[in-house]
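The values are calculated or read from the model by the stated rules, or taken from the named source; none is laboratory data. This is a predicted model, so every value here is computed, not measured. Cβ placement follows ideal geometry from the backbone for every residue including glycine, while neighbour counts extend to all protein chains displayed. The accessibility values were calculated without ligands, DNA or RNA, using every heavy atom of the protein model including side chains. Shrake-Rupley method; radii C 1.70, N 1.55, O 1.52, S 1.80 Å.
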Amino acid sequence: MAEALKREITVNLKQQLFLMREEDEVLFGGAKGGSKTFAQLIFQAQRRQELPGSDGLFLRRTYGQLENQGGAIEESRKLFSGGIAVWQGDARKWRFPNGSCIQFGHCEHEEDKEKYQSSQYADICFDELTQFTEAQYMFIGAAARTTLPGVKVLIRAGTNPLGEGHRWVYERFVEPAPPF
C-alpha cells in the first residue's frame with residue numbers, strides 16, 4: 001500500500017481502508033494510539049509522489065502539537081528518512097524532487113484560519129479534527145482546490161472521540177455514513 005515511499009512500510013487494516021477511500025472527505029476515528037497521524041502522513045506522501053507539482057497541507061490546532069514527541073513532524077522525519085524529500089525547517093515543509101510539497105500548519109485561534117485564505121492545496125489533512133471548530137474546518141477546507149488538470153482534491157482527517165468539535169464532527173461524518 002505504501003509502495004510510493006520506496007521502502008517497506010507496514011500498515012494495519014484500518015490504515016489500508018483509510019488509504020483506499022476515494023470520497024472527497026474521509027474521517028479516520030478511533031482511540032489514541034491507532035496510528036491515524038501515520039496514515040495521514042502516508043496519504044500525503046503518496047499524493048505528493050503521484051501528483052508532481054502538487055501541495056498538501058497537514059494541520060494540527062497548535063504548532064506545538066505538530067512538534068511534540070510522537071507528533072506529525074517527528075513522525076514525518078522517521079517516515080521520510082530515506083531521502084524521498086528534503087525538510088525545509090524554516091518553512092515547515094517537505095519538498096519532493098518532483099516539485100510537490102507537504103506544508104505543516106496550525107490554526108490555534110479562530111482568526112488564524114485567515115492565514116489560509118487564497119491558498120490552494122490538492123489535499124488537506126486535519127489531525128485531531130475534534131480540536132478544530134466547524135468554522136475553521138469549513139474555511140480552511142475551501143483551500144482544497146488546485147489548478148492541476150484532472151486532480152481530485154481530497155480532505156482527510158483523523159480524530160479521537162470528544163473534544164471541542166465532537167458534536168459537529170459526529171453530525172458531519174458519523175451520522176450520515178457507516179464506519180468503514
Lys/Arg Cβ at +1, Asp/Glu Cβ at -1, dipole of the chain taken about the Cα centre: which of 29, 103, 117 is farthest positive-ward? 103
In debye to the nearest 20, the charge dipole size for region 77-180, taken about the Cα centre with +1 at each Lys and Arg Cβ and -1 at each Asp and Glu Cβ, equals 620 debye
How much accessible surface does residue 61 have with a 1.4 Å probe, in Å² rounded to 10? 30 Å²
For region 1-116, just say rounded, prolate or oblate: build the C-alpha gyration tensor, square-root its eigenvalues into a ≥ b ≥ c, call rounded for a/c under 1.5, and beyond that prolate if a/b exceeds b/c, oblate if not. rounded
How much net charge surrounds residue 32 when only other residues with a Cβ under 15 Å from its Cβ are counted (Lys, Arg +1; Asp, Glu -1)? 0
Provide the percentage of antiparallel DSSP beta bridges, counting only those with both residues in region 40-180; round to the nearest 5. 25 percent
With the full set of protein chains in place, find how many percent of the accessible area of the chain is carbon and sulfur; take the probe as 1.4 Å. 51 percent
With 0.36 nm assigned to each residue of separation and the Cα-Cα distance removed, residue 167 to residue 142 gains 6.9 nm
Using unit Cβ charges (K, R positive; D, E negative) and no other charged atoms, how large, in debye to the nearest 20, is the dipole of region 1-115 about its Cα centre? 440 debye
Given Cβ charges of +1 for Lys and Arg and -1 for Asp and Glu, the option among 165, 91, 39 whose Cα lies farthest towards the positive end of the dipole of region 28-179 is 39
Protein-only accessible surface order, largest first, of 63, 137 at 1.4 Å: 63, 137
Can you tell me which aspartates and glutamates have their Cα less than 14 Å from the Cα of residue 113? Leave out same-chain residues fewer than eight positions away. 134
Assuming a ≥ b ≥ c are the square roots of the Cα gyration tensor eigenvalues, decide whether region 22-180 counts as rounded (a/c under 1.5), prolate (otherwise, with a/b larger than b/c) or oblate. rounded
Residue separation between residue 17 and residue 115 times 0.36 nm, minus their alpha-carbon distance, gives in nm 32.1 nm
With a 1.4 Å probe and all protein chains in place, put 116, 170 in order of accessible area, largest first. 170, 116
Full-extension gain between residue 152 and residue 67, please, as 0.36 nm times their residue separation minus the C-alpha to C-alpha distance. 27.7 nm
Per residue, how many Å² of accessible area does region 45-180 show with a 1.4 Å probe? 47 Å²
From the square roots a ≥ b ≥ c of the eigenvalues of the alpha-carbon gyration tensor of region 52-104, which class results: rounded (a/c under 1.5), prolate (a/b over b/c), or oblate? oblate
